[in-house]
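Trainee: Could you have a look at this structure, given as structure tokens, before my questions?
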Amino acid sequence: MRYLPHTDTDRKAMLETIGVSSFDELFTDVPEAARLDELIDLPTKQGELQVERALGAMAGQNVAAGSVPFFVGAGAYRHHIPATVDHLIQRSEFLTAYTPYQPEISQGTLQTLFEFQTQVALLTGMDVANASMYDGSTACAEAVMMAARVTRRDKAVMAGSVHPHYVAASQTLSKHSDVNITVTDPGNANLEDVLSAIDDTTACVVVQTPDIFGQLHDLRAISEAAHAKGALLIAVFTETVALGLMEAPGNMGADIAVGEGQSIGVGLNFGGPYVGLFACKNDRRFIRQMPGRLAGETVDADGRRGYVLTLSTREQHIRREKATSNICTNAGLCSLAFTVHMTLLGEKGLTNMARLSHEMACDLADRLGSIEGVNVETEAFFNEFTIRLPQPAVDVVDKLAASGVLAGVPASRLFPGQFEDLLIVAATETNTEEDLIIFEKALRGVLS
Amino acid sequence: MSMNSQGRPTRIADNAATGGYADTFSGSRGLDQAEALIFERGATDRCGVDLPEPKGTALRMGGLERQGEIGLPGLSEPETMRHYVRLSRKNYAIDLGLYPLGSCTMKHNPRLNEKVARMPGFADVHPLQPASTVQGAYQLIGELGHWLMTLTGMPAVAMSPKAGAHGEFCGMLAIRAALDARGETNRRRVLVPESAHGTNPATAIQCGFTCDEIPADAGGRVDMEALKAKLGDDIAGIMLTNPNTCGLFERDIREIADLIHEAGGYFYCDGANFNAIVGRVRPGDLGVDAMHINLHKTFSTPHGGGGPGSGPTVLSEALAPFAPVPFVVQEGKSWKMVEQEEGEASESFGRMAAFHGQMGMFTRALTYMMSHGSDGLKQVANDAVLNANYILARLKHVMTPAFAGFCMHEALFDDRFLQGTGVSTLDFAKAMIDEGYHPMTMYFPLVVHGAMLIEPTETESREGLDRFIDTMEALAKAANGGETDRFLAAPVHAPTKRLDETRAARQPVLRWTAPMEDEPVAAE
């Protein structure tokens, strides 16, 4: 087996050194009834060629986003990733390192995390950020729990237009705590019912912008209303590229900003792994209640600047049952991909990419809106919007897929039994004008 | 003098302040190169990506466009490459040497896994594409699930947990849901051995349970009498790592499972150490009700500096109905994804995260499993246990094993051999860095004083182990021979000396901030 260095001679000699004559003697603590003599009933070892062939065939059954006109979003977006990103994350020293528990030989990971935290803080307009979470949905759920700890209150108000998977992840995490989540009607686009649900017992208000339908929201009025009642505002985003063009959550009064960083550097990957972004105000109460790892600056014995994991007294390996979260892992390598891509872009590149995506979406909205029976429902959007169709969106999407266009996400896939005629459509800088023409023509064909 | 956008000199004037050495002009020493932060290097109008010019048409963002600047610096491609390659060289990695972190299973990461994960049919597909366009992706999830269920002897698997701790959460939520379905709301106490990973108690609390610690016996295993004394009709279950964090197989595991079941509780097994028994023992045969599998440990998906992980969780017949959504189901020749809590998922405890799990880790893990096959995986367990016992056998005369007898995949020592030397476990670990090794896990498990937990994994050669053992022996002798300074000063050959962790926690600096405008620029 190509990954196992020992020869049988090595094994024999080592067993001798240990003082046993067979492997079985090393497993005598296993209850006899549970010892397997036979091999488990699975295929036996294969060479690279055979494995690659079998899995290549499986991959070949999927329609890759890059092979067709592609407009699917709803929480994961296809953007161009420079070749440099993948090269760097495959550097052995990044790829095959563990969590930086020994800082003297982990400065590469630690400095990168410090850069990541700073980039996320700048993008969101917040003071500090952690070293990443599993993904946007779990970052959102952890934010709700953190807000309850900070405010010592139990009620969370979530706008119905927050990504339903994020709502569900938050409900699951809070299920057996004192926190109760009120979710407003997703059909109510102007968030008035969110405002009216805030009261003196509210720990936090959770609003996504752009929301699941693509609609942008001004958070300032909600922030004022929340703060007036002593509640925190948690701002959620699922498309980081939007932050290149829209006002940052921190500049609109958010206390905690969480979101999905996948669209920078990470790619689609069929839903994971992604990278959760988590940022908040620089308030002692907040930082002590934050979930996840934090990299911090310090000096070494010679006074040279360096970085360590810090404030770990919040975390499970120190605090055990009193920890702020059971989180151990972050999204390490995905946060590195994010940081490298963001470094390549810089402010100028990010702003350009955001503008190109927005312009592409505007052109697409014009084209689709010109079709008889199709209505663009979203007024203010970034790169994603919702259209109303004269037929069930699921059927339309299936027909378009059959003709080679991946058209978007039927809202009913996320809100079962609701919004059957709504289709959520996204565009990015990876689309071409030709893609838009093909989509428009195909949709006209399906609807005629 | 050249300036960057913040108006500060690009030449490092005060080397130490930006991480450089003070005794060279550049701050670098040969191949050990100083590297400032991107924020001290880049400029907001510098860019390493060529994009077309936007048309500049009117925005349709409802007046919500950003008003001020972000302040994000950019670098050109060559600068970016150099910056991160230089930083990478300040990291230890499995590809550089033995990485014997106990309970972390730092084994070789095969590159075929990386290649397969990057196939466009896996990497460039969206989780919400129509089912007809992602049949191969659904099949891959189903196939990996089949391997995991077969290797563990369990009838069901939840694929969506995103890491080990998330898998623990999944298993404990399933237990909670099963108890609630039985109407037994009094069962809230979870037994957790004191040697457990910190995630275990943190997870139990997150599920609304209380934790009750069980002590270890003198041999490092669960104290059976203490366990029996703690049973009662308020027991929800037990969370037990097996092999445990002392590197020992819990001999009484079947009796423990029976006792817990008779008491009306469920058995959660922390599968972090599955590498020791894969292919040789099926947890299903031990009475386990739920167990997470760290794909990044046993099945070699890269640790990536701390993630991403992946924690599929196998479930017993009793817990299977409560599995989280989504999950894949095969219907004839085609596959579907069950996403809502209805029909076959009507008893599901809900959704744990967006989309369908860590697909990028699934592709890597299945590639690894297919490469090994059932015969190769059994050899993995054999060689992992062989290597740990070889270390134990050869070091037990100079270091002090915490417990008598053979170990499984990791060898646990305590600090008795350092008593009276003035050298602590931490000092010993830092001296290992100077010798070119990543230290073992230190001060864990908590049941052993000054613990040193060494897990070599199966991908280390005999020659490599011999070199490591010789080094460890020499260090142990040096500590006992009065060479205290070698340890207290260590590391001296690493990219940095010991870092002040107390300062980092007392005066947290968690991000870079621009120096004040009126701050005088240091003279060159």
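The values are calculated or read from the model by the stated rules, or taken from the named source; none is laboratory data. Since the structure is predicted, the reported quantities are computational estimates derived from the model, not experimental observations. Cβ sites come from the backbone with ideal geometry, for glycine too, and all protein chains shown count toward neighbours.
Trainee: How many residues are buried (at least 19 other Cβ atoms within 10 Å of the Cβ) and over 14 Å from B:I38 (Cβ atoms) when one looks only at segment B:72-107? Let's see the steps before the verdict.
Mentor: Looking only at segment B:72-107, we keep the residues that are buried (at least 19 other Cβ atoms within 10 Å of the Cβ), and these are B:72-75, B:80, B:83-84, B:87-88, B:90-94, B:98-107.
When the remaining residues are screened for being over 14 Å from B:I38 (Cβ atoms), the result is B:88, B:90-94, B:98-107.
Qualifying residue count for the region: 16.
Trainee: Which of the residues that make up segment B:7-33 are at the interface with chain A (Cβ under 7 Å from one of its Cβ atoms) and either modelled with pLDDT of 95 or more or not in a loop (DSSP other than H, G, I, E, B) (or both)?
Mentor: B:A16, B:A17, B:T18
Trainee: Here is a follow-up. Please pick out the residue among A:A33, A:A121, A:A131, A:A57 that is modelled with pLDDT under 95 and not acidic (D, E).
Mentor: Unique residue meeting the criteria: A:A33.
Trainee: Across segment A:65-94, what is the number of residues that are assigned to a helix (DSSP H, G or I), touching a His at 6+ places or on another chain (Cβ under 8 Å) and more than 7 Å from chain B (Cβ to nearest Cβ)?
Mentor: Of the residues in segment A:65-94, the ones assigned to a helix (DSSP H, G or I) are A:65-67, A:83-89, A:92-94.
Then keep just the ones that are touching a His at 6+ places or on another chain (Cβ under 8 Å); that gives A:65, A:85.
Subset that is more than 7 Å from chain B (Cβ to nearest Cβ): A:85.
Total meeting the criteria: 1.
Trainee: Are any residues in segment B:169-227 polar (S, T, N, Q) and surrounded by fewer than 24 Cβ atoms within 10 Å (Cβ to Cβ), and if so, which ones?
Mentor: Across segment B:169-227, the qualifying residues are B:T185, B:N186, B:T210.
Trainee: Checking A:D10 against (1) modelled with pLDDT of 95 or more; (2) more than 8 Å from chain B (Cβ to nearest Cβ), which single condition isn't satisfied?
Mentor: In the conditions (1) modelled with pLDDT of 95 or more; (2) more than 8 Å from chain B (Cβ to nearest Cβ), A:D10 misses (2) alone.
Trainee: Looking at A:A57, A:A97, which one is assigned to a helix (DSSP H, G or I) and out of contact with any Leu (no Cβ under 8 Å at 6 or more places or on another chain)? Reasoning before the result, please.
Mentor: Details: A:A97 fails: assigned to a helix (DSSP H, G or I).
Testing whether each residue is assigned to a helix (DSSP H, G or I) and out of contact with any Leu (no Cβ under 8 Å at 6 or more places or on another chain) leaves just A:A57.
Trainee: Also, quick follow-up: Which one of the conditions (1) under 28 Å from B:I256 (Cβ atoms); (2) part of a loop (DSSP other than H, G, I, E, B) does A:H6 fail to meet, given that it meets all the rest?
Mentor: A:H6 satisfies all of (1) under 28 Å from B:I256 (Cβ atoms); (2) part of a loop (DSSP other than H, G, I, E, B) except (1).
Trainee: Let me ask another. Going by the structure shown, is A:P249 more than 17 Å from A:V85 (Cα to Cα) and outside the structural domain of A:R355 (by TED's automatic domain parsing)?
Mentor: yes
Trainee: So how many residues does segment B:58-102 have that are assigned to a loop (DSSP other than H, G, I, E, B) and more than 30 Å from B:F468 (Cβ to Cβ)?
Mentor: 17
Trainee: Then there is this: What helices (runs of 4 or more DSSP H) lie completely within segment A:114-202 and have 3 or more residues being more than 7 Å from every other protein chain (Cβ to nearest Cβ), surrounded by 20 or more Cβ atoms within 10 Å (Cβ to Cβ) and not β-branched (V, I, T)?
Mentor: Filter on segment A:114-202 gives A:136-151, A:164-174.
Trainee: When you check A:R367 against the structure, is it facing another protein chain (nearest Cβ under 8 Å) and at pLDDT 95 or above, yes or no?
Mentor: No; evaluated as a whole, the condition is false for this residue.
Trainee: Right, next: Consider B:L151 against the criteria (1) crowded, with 24+ Cβ neighbours inside 10 Å; (2) facing chain A (nearest Cβ under 9 Å); (3) part of a loop (DSSP other than H, G, I, E, B): it satisfies all of them except one. Which criterion is unmet?
Mentor: (3)
Trainee: I'd like the residue in segment B:108-127 that is at the interface with another protein chain (Cβ under 7 Å from one of its Cβ atoms) and part of a loop (DSSP other than H, G, I, E, B) and, out of all such residues, is surrounded by the fewest Cβ atoms within 10 Å (Cβ to Cβ).
Mentor: B:H108
Trainee: Okay, moving on. Within segment A:261-311, track down each residue that is closer than 30 Å to B:P120 by Cα and more than 11 Å from the chain's Cα centre (by Cα). Step through it out loud before you land on a result.
Mentor: Taking segment A:261-311 as the starting set, the residues that turn out to be closer than 30 Å to B:P120 by Cα are A:261-278.
Passing the criteria: A:G265, A:N269, A:F270.
Trainee: Please determine whether any residue of segment B:485-503 is small (G, A, S), touching a helix residue (DSSP H, G or I) at 6+ places or on another chain (Cβ under 8 Å), assigned by TED's automatic domain parsing to the domain that holds B:Q379 and surrounded by fewer than 21 Cβ atoms within 10 Å (Cβ to Cβ).
Mentor: no
For (1) more than 7 Å from chain A (Cβ to nearest Cβ); (2) aromatic (F, W, Y); (3) farther than 30 Å from B:K90 by Cα, each residue gets a yes or a no:
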{"site": "B:E35", "(1), (2), (3)": "yes, no, no"}
{"site": "B:E40", "(1), (2), (3)": "yes, no, no"}
{"site": "B:G48", "(1), (2), (3)": "no, no, no"}
{"site": "B:E53", "(1), (2), (3)": "yes, no, yes"}
{"site": "B:G56", "(1), (2), (3)": "yes, no, yes"}
{"site": "B:G62", "(1), (2), (3)": "no, no, yes"}
{"site": "B:P73", "(1), (2), (3)": "no, no, no"}
{"site": "B:E77", "(1), (2), (3)": "no, no, no"}
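Trainee: Turning to a different aspect of this structure: Could you go through segment B:460-475 and let me know if any residue there is facing chain A (nearest Cβ under 9 Å) and not in a helix (DSSP H, G or I).
Mentor: Pass one, segment B:460-475, residues facing chain A (nearest Cβ under 9 Å): B:460-465.
Filter once more, so that each one left must be not in a helix (DSSP H, G or I): B:460-461.
Yes, that holds for at least one residue.
Trainee: Out of (1) surrounded by 14 or more Cβ atoms within 10 Å (Cβ to Cβ); (2) more than 7 Å from chain B (Cβ to nearest Cβ), the odd one out for A:F23 is which?
Mentor: Just one mismatch for A:F23, condition (2).
Trainee: If you don't mind, another one. Taking the criterion of being more than 8 Å from every other protein chain (Cβ to nearest Cβ), more than 17 Å from B:Y99 (Cα to Cα), free of Cβ contacts under 8 Å to residues at least 60 places away in the same chain and β-branched (V, I, T), would at least one residue in segment B:402-424 satisfy it?
Mentor: no
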